[in-house]
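Undergrad: If you scroll down you'll find the structure; I have some questions about it.
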Number of protein chains: 2
Amino acid sequence: MCSVMGEKKQLVEPRTLKGFQDLLPEQVIPRQRLLRVIESVFERYGYAPLETPALEYLDALLGTGGEGTNKELFRLESPENEPIALRFDLTVPFARLLAQYPDRLKPPFRRYAIGPVWRADKPGVGRFRQFVQCDIDVAGAPTVAADGEIVAVMADVMRALGVTRFVALINNRKVIDALLDGCGVTEESVQKHVLRVIDKLGKVGADNVRLELGPGRIDESGDPIAGVKLDDATIDRILGFIAIKGDTRAAIVAALEQALPESKAAREAVAEMRELAEALEALEVDEAHARFDPSLARGLDYYTGPIFEMTLPDAPQFGSVMGGGRYDGLVARFMDRPIPCTGMSVGVDRLVAALLHLGCLAPVKTPVQALVVTMGNVPKTETLKLAAELRGAGLCVETFFASRKKMQMGNQLSHADHYGIPVAVILGEDELRNGVVAVKDLRAGKAEREHIEDREAYREAGKTGQVTVPRSEAAAAIRAIVGGNSGTASGE
Amino acid sequence: MCSVMGEKKQLVEPRTLKGFQDLLPEQVIPRQRLLRVIESVFERYGYAPLETPALEYLDALLGTGGEGTNKELFRLESPENEPIALRFDLTVPFARLLAQYPDRLKPPFRRYAIGPVWRADKPGVGRFRQFVQCDIDVAGAPTVAADGEIVAVMADVMRALGVTRFVALINNRKVIDALLDGCGVTEESVQKHVLRVIDKLGKVGADNVRLELGPGRIDESGDPIAGVKLDDATIDRILGFIAIKGDTRAAIVAALEQALPESKAAREAVAEMRELAEALEALEVDEAHARFDPSLARGLDYYTGPIFEMTLPDAPQFGSVMGGGRYDGLVARFMDRPIPCTGMSVGVDRLVAALLHLGCLAPVKTPVQALVVTMGNVPKTETLKLAAELRGAGLCVETFFASRKKMQMGNQLSHADHYGIPVAVILGEDELRNGVVAVKDLRAGKAEREHIEDREAYREAGKTGQVTVPRSEAAAAIRAIVGGNSGTASGE
């Protein structure tokens, strides 16, 4: 607290909350650019933006995300002393809205939402207690054409972001259920256990999955992992099934049909997958970009039909960067009729990291395209005028503010260097008199110009990438250097 | 909680927290458009985006916003049992960042931030406990040229939003202080009282301000309002001073110089105002768009120099839509040296309301430009294909999802009507066979088409605004109807 102790004020230590992150411009700018591209794809498919408050009544959130989520809620009290909490996802608030505004949000209703969510779990590398979710969902769409559309959006987002190699993996809970029913594995808890084991295939490999479906195994750290205790014939059948591959989605559907037992559930599951394949075809989703994969399980309990995950073959270390599926039961928590829903969520932090890695997202540190630099006794108002002219031409331009004694040219150029500003527009007394400016590409010959204190030394240091042009041509000269260099809102 | 009671599941009542708001698409879309325009102006002036967490340690927030704010904090505990709270503004977190990352955020540093803040005060009409703030601030800019730039940004934002009549009012705390010092009103608490009374001028009028500076008065409800108890000569001098007007900023500076007592403080204050006037001139801010107004006081305590408010002469009922000023002391809470700062905050909710009122912001309800409507036995995949074609042409296009028995044309058109979709692209069996589509302007002849159940009736109802075109020309026909109709991200 701010109090006077003797003569000395007690300072508050500036700290970020444990598990939280401050985002500086070099982090916000690429993310912002990514979200703008994603939003425009969402809107092209007719998804409309919705926003709900950060806080919800506790009873709306409890129990929706499983036992873990209950413990992870940031709980507090409203000014009216009711129990409330910060939302842990955007799906539960969406389900609440559908039940609360049934007349206004008539199905079919497509919405997108982008916003922070909070989870009080153990922080770790890349795991934060506040993170941004970015979701689309369709409410009131009983047909799997809607699931096809979700996958088409996922693929279009990747394309719009400039990614060429990506694969959406697709499966259907009904397919797995039909298989397990056919194998006599009918108890729900056992089915869920099998799903959890299959979900680990990519991580632990087929041999370990075989052991976990059977007697169990000892993991690398020496801990025992309990097995599902299925018999060998059943395990063979499951492993054979999840290994099914094919050149096209239609070929995989045909193979699934052969491998599944003869039952009503199996017929329905296959019919759904066939319809989904047709929808993807109609929506112009390439075979290379969306593949049926019977081994895809996804951890969450609430899926009831198609499930999807977006993977990047050239950046597998980032895991899946989008995921979703059909959930027909969640809204029934708030109202007395079910509303069939399907949707997906973008892992924003992961996707930003993967795209920076792949070079699809530029590591832009600043929106500024040019710094107006003054030398000698040029009046400050002249700096402001030049900046205003360049802004009038649509450029993002900064001027340097400091006390008079800190206005040396070296300080101004260090500032540009520190913040990664690509161009300096130099206005000295000569330039002012002659109606010209010097436009300098600061990325060219950067090393030479360090520690420059005055005009003469600067001139000595060489004029790599520097041109002197009439003021009326300054904007064009800057554009020639920065080109499309802008990762920011104004550059869209 | 979701529990089974006998056969019946107990439902959770869907409710929004008291004092909070859900924003549906018709509210989010205009606001989003507004924020994109504002962001692009901010970036044109070199402001870079920053984001901080919603939660801060309690000691960082306490005492910064005055006694009222302390009470209004949403307080909770971190998972480590430390006292934390939701931020109540974006300025205190910015001050924390400057102290926490002195090497990375070297002054001068310009940042913008847009995000929700929380205040547990009494909710009322247009007053919410969570609302969005949108701020720019420059740190480490001791010169009033920076204040001039803030005003230039305010003016450019209004221009970029299409507002033609707007006036930024500008004053300087140093001017008022010099006046009061010269009148012998030197005690800080009395000076603050005078400021609060002056701040009411627009609301209560000069006669009531005279009474409140003197003996006090009885307000309309019969309650007594204590006066400052100044003598008549001092009151005359203050009222005369705050009534100073002039045709230009320079003329007002000259008048201030005459009216202020002869003192060092007065000379400094006048010099600052003169420099500010020169900066505004250099930054091409019209006299009509930024006026010096000695009666501007602003309620907040922490301002130390120039202060500003943006007003809309054609929509005075919305009050000031932006406000700010110089505050040179706030960062000193977190570190042992002051960093001079100036900045401003946009009242996002007020500005959206004012711009909708003025017609500068379109009341767009949906991003969707066209709904693909099917008739008869056209396969669903054909609908999806047509939608994909139109999206490929850059349009925002929706298809209708429903169970087979709800796919009648009437339902599809009701859907378009309900969500305000402007165009229907109709694909029947004839159209499919002939490679054409019917493109219909749904805003033309809307009334006629209500309650249409089948194709024949629809045809009877007239074809106002409907054209049949080859599929390859469908996108152009839609654009001819919607024109620039898009208030959304993709329309930027």
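The values are calculated or read from the model by the stated rules, or taken from the named source; none is laboratory data. No experiment lies behind these values; they were computed from the predicted model shown. With ideal geometry, Cβ positions are generated from the backbone for all residues, glycine too; neighbour counts draw on all protein chains shown.
Undergrad: Out of all the residues in region B:240-262, which are more than 21 Å from B:THR186 (Cβ to Cβ) and surrounded by 20 or more Cβ atoms within 10 Å (Cβ to Cβ)?
TA: Passing the criteria: B:ARG249, B:ILE252, B:VAL253.
Undergrad: Something else now. Looking at region A:255-304, which of the residues that are more than 14 Å from chain B (Cβ to nearest Cβ) and closer than 16 Å to A:GLY343 by Cβ is farthest from the chain's Cα centre (by Cα)?
TA: Checking each candidate, the answer is A:THR304.
Undergrad: From the list B:VAL138, B:VAL125, which residue is among the β-branched types (Val, Ile, Thr), more than 15 Å from B:GLU51 (Cβ to Cβ), at the interface with chain A (Cβ under 7 Å from one of its Cβ atoms) and under 24 Å from the mean Cα position of the chain (by Cα)?
TA: So the residue among B:VAL138, B:VAL125 that is among the β-branched types (Val, Ile, Thr), more than 15 Å from B:GLU51 (Cβ to Cβ), at the interface with chain A (Cβ under 7 Å from one of its Cβ atoms) and under 24 Å from the mean Cα position of the chain (by Cα) is B:VAL138.
Undergrad: Give, as residue ranges, the strands (runs of 3 or more DSSP E) completely inside region A:313-402 that count at least 1 residues that are farther than 28 Å from B:ALA139 by Cβ and modelled with pLDDT under 95.
TA: A:322-327, A:341-347
Undergrad: When you go through (1) in the same structural domain as B:PRO316 (by TED's automatic domain parsing); (2) part of a helix (DSSP H, G or I) one by one for B:GLY184, which number turns out not to apply?
TA: For B:GLY184, the failing item is (2).
Undergrad: Restricting to region A:81-92, count the residues that are free of Cβ contacts under 8 Å to residues at least 60 places away in the same chain and either of a type in the set (A, V, I, L, M) or within 12 Å of A:ASP137 (Cα to Cα) (or both).
TA: The number of residues fulfilling the criteria is 3.
Undergrad: Can you name the residue in region B:1-21 that is facing chain A (nearest Cβ under 7 Å) and farther than 28 Å from B:TYR419 by Cβ and, of all such residues, is modelled with the highest pLDDT?
TA: B:LYS18
Undergrad: Would you confirm whether any residue within region A:210-218 is of a type outside the set (Ser, Thr, Tyr), in a helix (DSSP H, G or I) and touching a residue at least 60 places away in the same chain (Cβ under 8 Å)?
TA: No, region A:210-218 contains no residue that is of a type outside the set (Ser, Thr, Tyr), in a helix (DSSP H, G or I) and touching a residue at least 60 places away in the same chain (Cβ under 8 Å).
Undergrad: What are the residues in region B:22-58 that are touching a residue at least 12 places away in the same chain (Cβ under 8 Å), within 16 Å of B:VAL352 (Cβ to Cβ) and within 7 Å of another protein chain (Cβ to nearest Cβ), if any?
TA: B:PRO25, B:ILE29, B:GLN32, B:ARG36, B:GLU39
Undergrad: Sticking with this structure for a sec: Any idea how many residues of region A:396-411 are touching a residue at least 12 places away in the same chain (Cβ under 8 Å) and either within 7 Å of chain B (Cβ to nearest Cβ) or surrounded by fewer than 21 Cβ atoms within 10 Å (Cβ to Cβ) (or both)?
TA: Qualifying residue count for the region: 7.
Undergrad: Restricting to region B:219-239, name every residue that is in a loop (DSSP other than H, G, I, E, B) and either exposed (fewer than 12 other Cβ atoms within 10 Å of the Cβ) or among the charged types (D, E, K, R) (or both).
TA: B:ASP219, B:GLU220, B:SER221, B:GLY222, B:ASP223, B:LYS229, B:ASP231
Undergrad: Which one is nearest to A:SER295 (Cα to Cα), of the residues in region A:311-368 that are within 14 Å of chain B (Cβ to nearest Cβ) and of a type in the set (Asp, Glu)?
TA: Here the answer is A:ASP328.
Undergrad: Given the condition surrounded by 18 or more Cβ atoms within 10 Å (Cβ to Cβ), facing chain B (nearest Cβ under 7 Å) and of a type in the set (A, V, I, L, M, F, W, C), answer yes or no: does some residue in region A:100-119 qualify?
TA: Scanning region A:100-119 turns up no residue that is surrounded by 18 or more Cβ atoms within 10 Å (Cβ to Cβ), facing chain B (nearest Cβ under 7 Å) and of a type in the set (A, V, I, L, M, F, W, C).
Undergrad: From the list B:VAL197, B:VAL270, B:VAL190, which residue is among the β-branched types (Val, Ile, Thr), part of a helix (DSSP H, G or I) and at pLDDT 95 or above?
TA: Criteria check complete, one pass: B:VAL270.
Undergrad: Mind checking which residues of region A:141-171 are more than 8 Å from chain B (Cβ to nearest Cβ), small (Gly, Ala, Ser) and at negative phi?
TA: If the condition is that a residue be more than 8 Å from chain B (Cβ to nearest Cβ), small (Gly, Ala, Ser) and at negative phi, then A:ALA155, A:ALA160, A:ALA168 are the ones that fit.
Yes/no per residue for (1) under 30 Å from A:ALA416 (Cα atoms); (2) of a type in the set (S, T, N, Q):
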| residue | (1), (2) |
| --- | --- |
| B:PRO25 | no, no |
| B:ARG33 | no, no |
| B:SER40 | yes, yes |
| B:ARG44 | yes, no |
| B:LEU58 | no, no |
| B:LEU61 | no, no |
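Undergrad: Could you grab me the full set of residues in region B:72-85 that are facing another protein chain (nearest Cβ under 8 Å) and buried (at least 22 other Cβ atoms within 10 Å of the Cβ)?
TA: The answer is B:PHE74, B:ILE84.
Undergrad: Given the structure, is B:ASP286 surrounded by fewer than 23 Cβ atoms within 10 Å (Cβ to Cβ), among the charged types (D, E, K, R), without any contact (Cβ under 8 Å) to a residue 60 or more places away in the chain and not assigned by TED's automatic domain parsing to the domain that holds B:ALA424?
TA: For B:ASP286, the condition - surrounded by fewer than 23 Cβ atoms within 10 Å (Cβ to Cβ), among the charged types (D, E, K, R), without any contact (Cβ under 8 Å) to a residue 60 or more places away in the chain and not assigned by TED's automatic domain parsing to the domain that holds B:ALA424 - is not met.
Undergrad: Working carefully through the options B:THR381, B:THR374, find the one that is without any contact (Cβ under 8 Å) to a residue 40 or more places away in the chain, within 14 Å of chain A (Cβ to nearest Cβ), in contact with a helix residue (DSSP H, G or I) (Cβ under 6 Å, 6 or more places away or on another chain) and not acidic (Asp, Glu).
TA: Within the list B:THR381, B:THR374, the selection yields B:THR381.
Undergrad: Given the conditions (1) in a loop (DSSP other than H, G, I, E, B); (2) within 26 Å of B:ASP59 (Cβ to Cβ); (3) not polar (S, T, N, Q), and given that B:PRO294 satisfies all but one, which numbered condition is not satisfied?
TA: Tallying (1) in a loop (DSSP other than H, G, I, E, B); (2) within 26 Å of B:ASP59 (Cβ to Cβ); (3) not polar (S, T, N, Q), B:PRO294 fails exactly one: (2).
Undergrad: Continuing with the same structure: At pLDDT 95 or above, buried (at least 22 other Cβ atoms within 10 Å of the Cβ), farther than 19 Å from B:GLN27 by Cα and in the same structural domain as A:ASP135 (by TED's automatic domain parsing) - does that describe any residue in region A:58-71?
TA: No - not one qualifying residue is present in region A:58-71.
Undergrad: Please go through region A:389-445 and give me each residue that is under 36 Å from the mean Cα position of the chain (by Cα), among the charged types (D, E, K, R) and within 20 Å of B:ARG104 (Cα to Cα), ordered by number.
TA: A:GLU398, A:ASP417, A:ARG443
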